[in-house]
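Here the structure is laid out as structure tokens; the discussion comes afterwards.
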Amino acid sequence: MTNPLGLLAQFGAAALATVCFSVLFGVQRRHFWACGLTGAVGWLAYLAATGVGASPAMATFLAALPLTLLARVFAIHNKAPVTLFLLCGIFPLVPGAGIYYTAYYFLLDDRLQCLNRGVETLKIAVGLAVGIALVSSLPMAKKRG
Amino acid sequence: MKEEQTAKSPPQQVMALVMEAGSTLLENGGEVLRVQQTMQIMAQSLGLPDFHVYVLTSGIFASAQGSVSEVRHMPYITVNLGRVEAVNELSREVAAGALTLQEASARLQEIRAMPPYSRLTEVVAAAVGAGSFAYLFGAHTPAPMLVAAVAGAAELLLTRWLQKLHINRIFSDMAAAAIAMAIVLGCGALLPGLNANSAVIGALMVLTPGVALVMGIRDFINADYLSGTIRLISAVLVAGSLAFGVGFAYTLARQLWGVAL
């Protein structure tokens, strides 16, 4: 994951995935690039954080910081609600894998792993929440209504 | 009393417009605080005296001077952020005094009629999105990405169809997750050595309760604890439905054909 080509592929895939979700949420075409960039930056920050040894929950928290900041910057720049960029950009960080593995181990009746994954998923969700909350509460030069 | 200014636009009509704008926002995925603030700004700009509004995830209660009051119940939310943005823009123009009541009403009707992307575009987006997520979650060969794309497209078609039949969200999520899992298991039986986990996770991303989770968090930040709780409960329910759907398909496959993951 450290080679530049791999990183570029990750960045591109995250941006593409985010843009696809903005289509599903009916976002106007002119915001696609901003949505994609928000999602891709969030995902790269997540990879970087896990790369230096952060736990998934911690990495999600750290990635939510630049992501939310970027969403707010784009909201001002594109004169659109923050929700637009935040809702689409956050998707790579949503613990879909956690939900799946919790169910998977539940089925295999591996209770230890199931509980492990369940708590992990909860922690990721909390990390996401705290990250968004922190940056959302920062005062910005131009307050949006 | 300053009836001169307000006489131009009867309070009932202003209230109808403001309520329509608020419900459009809420139905299409606006957060509670935004709905509340937008309605207040519009009511103030259009001269609706003594306007008060209380917004919940699934309803709006508003009243103004002269026994003008409206209540709306909106149990179903379909995210269309294009409409949220358009209403936001409309309220800004109303606040700037650039629109009359009639113009604003006409614009709002246009916004409510704004179509989502075509079904084909949505299917392609779901497929490509699911495939990309499969890649992000550890697929290194094209096979699991393709499988995820097929499953993602199937999920989208199924949920949209069930939505049209007014089947509830919990069941449609379970069914879609089960279909996705069945597709992945089926392909896994045909293609030995398929990285099934990344394919399932990629496909499930189309259904994950990301919207409810983020909106719930935002409601909490804005101190709308009741609305935030409602959204978080729905996020947990959706997650549970996905888990159940996946589990159902997996167990069935194991019982019938002895397929192992």
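The values are calculated or read from the model by the stated rules, or taken from the named source; none is laboratory data. Please read these numbers as outputs of a predicted model, since none were measured by experiment. Glycine also receives a Cβ, built like all others from the backbone with ideal geometry; neighbour counts cover every protein chain displayed. Please note that ligands, DNA and RNA were not included when accessible areas were found on the heavy atoms of the full protein model with its side chains. Shrake-Rupley method; radii C 1.70, N 1.55, O 1.52, S 1.80 Å.
Between the chain alone and the structure with every protein chain in place, find the residues of the stretch A:9-39 that drop at least 40 Å² of accessible area; heavy atoms, 1.4 Å probe.
A:10, A:13, A:17, A:20, A:21, A:23, A:24, A:25, A:26, A:28
Expressed as a whole number of Å, what is the distance separating the alpha-carbon centroids of the stretch B:197-239 and the stretch B:88-147?
18
Between A:44, A:112, A:70, which gets the highest mean-square fluctuation from a Gaussian network model of chain A, Cα cutoff 10 Å?
A:112
How far is helix A:96-107 tilted off the main Cα axis of chain A, in degrees rounded to 10, range 0 to 90?
With rounding to tens, the tilt is 20 degrees.
Quick one: buried accessible area between B and A, total over both chains, 1.4 angstrom probe, nearest 100 Å²?
On the way: alone 14150 and 8600 Å², together 18310 Å².
Chain pair B/A: roughly 4400 Å² of buried accessible area.
Please find, in a Gaussian network model of chain A (springs between Cα atoms separated by less than 10 Å), the residue of A:97, A:49, A:57 whose mean-square fluctuation is greatest.
A:97
Sticking with the crude label model, points 7 Å out along Cα→Cβ, report the distance from residue B:257 to residue A:52 in nm, one decimal please.
Spacing of the two 7 Å Cα→Cβ label points: 4.7 nm.
Report the residue, chosen from B:112, B:160, B:83, that carries the largest GNM mean-square fluctuation when chain B is represented by alpha-carbon nodes joined by springs under 10 Å.
In the Gaussian network model the winner is B:160.
Peptide B:111-123: average number of partner chain Cβ atoms within 10 Å per residue? Provide the component values of the computation, followed by the final result.
Values: counts 0, 0, 0, 2, 1, 4, 7, 0, 0, 0, 2, 4, 1.
Mean shielding by partner chains, rounded to a whole number: 2.
Over 30 Å apart: what share of the alpha carbon pairs of chain B falls there, rounded to a whole percent?
Cα-Cα pairs of chain B separated by over 30 Å account for 41 percent.
If you roll a 1.4 Å probe over the stretch B:134-225 with all protein chains in place, what percent of the accessible area is carbon or sulfur? Working shown, then result.
On the way: 2670 of 3780 Å².
Answer for the stretch B:134-225: carbon and sulfur cover 71 percent of the accessible area.
Roughly how many whole Å is it from the C-alpha centroid of the stretch A:10-41 to that of the stretch B:11-36?
27
With a cut-off of 15 Å, note down the residues of the stretch B:40-78 whose backbone N falls inside the zone around a label point 7 Å from the Cα of residue B:233 toward its beta carbon.
Taking a point 7 Å out along Cα→Cβ of residue B:233, the residues of the stretch B:40-78 whose backbone N falls under 15 Å are B:56-59, B:75-76.
Using a probe radius of 1.4 Å on heavy atoms only, what accessible surface per residue do you get for the stretch B:3-112? Whole Å² is fine. Write out the running numbers ahead of the final one.
Numbers: 4940 Å² over 110 residues.
Per residue, the stretch B:3-112 has 45 Å² of solvent-accessible surface.
What ranking do B:197-204, B:75-82 get when scored by the average of other Cβ atoms within 10 Å per residue, highest first? Let's see the in-between values first.
Values: B:197-204: 29.8, B:75-82: 18.0.
By packing density, highest mean first, the sequence is B:197-204, B:75-82.
Quote the FRET efficiency, to the nearest 0.05, computed for residue B:121 versus residue B:65 with a Förster distance R0 of 41 Å and r equal to the Cβ-Cβ distance. Write down the numbers at each step before the final one.
Values: r = 46 Å, r/R0 = 1.13.
Working from the Cβ atoms, E equals 0.35.
Note down the relative contact order for chain A as a percent, whole number, built from C-alpha pairs under 8 angstrom at least six residues apart. Kindly include the intermediate steps, with their values, before the conclusion.
Values: 179 pairs, mean separation 37.3, N = 145.
Over chain A, the number comes to 26 percent.
In terms of modelled amide H atoms, which long-range or inter-chain residues lie less than 5 Å from the amide H of residue A:28?
For residue A:28, the qualifying residues are B:82.
Taking every residue in A:70-83, how many Cβ atoms of other protein chains lie within 10 Å of its Cβ, on average? Before the final figure, lay out the partial values.
Details: counts 0, 0, 0, 0, 0, 0, 0, 0, 1, 4, 7, 12, 3, 13.
Mean number of neighbouring Cβ atoms from other chains: 3.
Assuming 0.36 nm per residue, please report the length gained on full extension of the stretch residue B:161 to residue B:12 beyond their Cα-Cα distance. All intermediate terms of the calculation are to be shown ahead of the outcome.
Working: separation 149, 0.36 × 149 = 53.64 nm, distance 3.75 nm.
Roughly 49.9 nm would be gained on extension.
If I histogram all Cα-Cα distances within the stretch B:119-257 using bins 5 Å wide from 0, what percent of pairs lands in each bin?
2, 12, 18, 20, 19, 14, 9, 4, 2, 1, 0
Just to verify a number: FRET efficiency for residue B:76 and residue B:98, C-beta to C-beta distance, R0 = 25 Å, to 0.05?
Values: r = 32 Å, r/R0 = 1.30.
The formula returns an efficiency of 0.15 here.
With all protein chains present, calculate the accessible area of residue B:42 using a 1.4 Å probe and round the result to the nearest 10 Å².
Only protein atoms counted, so the area is about 0 Å².
Membrane-span-like helices in chain B: DSSP H runs reaching 15 Å or more (Cα, own axis), mean Kyte hydropathy at least 0.5? If you can, show how the numbers build up before the last one.
Working: long enough: B:11-27 (23 Å, 0.57); B:32-45 (20 Å, 0.16); B:81-95 (21 Å, -0.03); B:101-112 (16 Å, -0.68); B:119-136 (25 Å, 1.13); B:142-164 (33 Å, 0.85); B:169-190 (31 Å, 1.70); B:210-221 (17 Å, 1.58); B:225-257 (47 Å, 1.14).
Answer set is B:11-27, B:119-136, B:142-164, B:169-190, B:210-221, B:225-257.
Residue A:110: accessible area at probe 1.4 Å, nearest 10 Å²?
Accessible area of residue A:110: about 60 Å².
Using a 10 Å cut-off around each Cβ of peptide B:215-223, what is the average number of partner chain Cβ atoms that fall inside?
On the way: counts 3, 2, 12, 8, 0, 3, 6, 1, 0.
Across B:215-223, the average partner-chain Cβ count within 10 Å equals 4.
What relative contact order, as a whole-number percentage, does the stretch A:1-40 give when Cα pairs under 8 Å and 6 or more residues apart are counted? If you can, show how the numbers build up before the last one.
On the way: 25 pairs, mean separation 19.9, N = 40.
So the answer I get is 50 percent.
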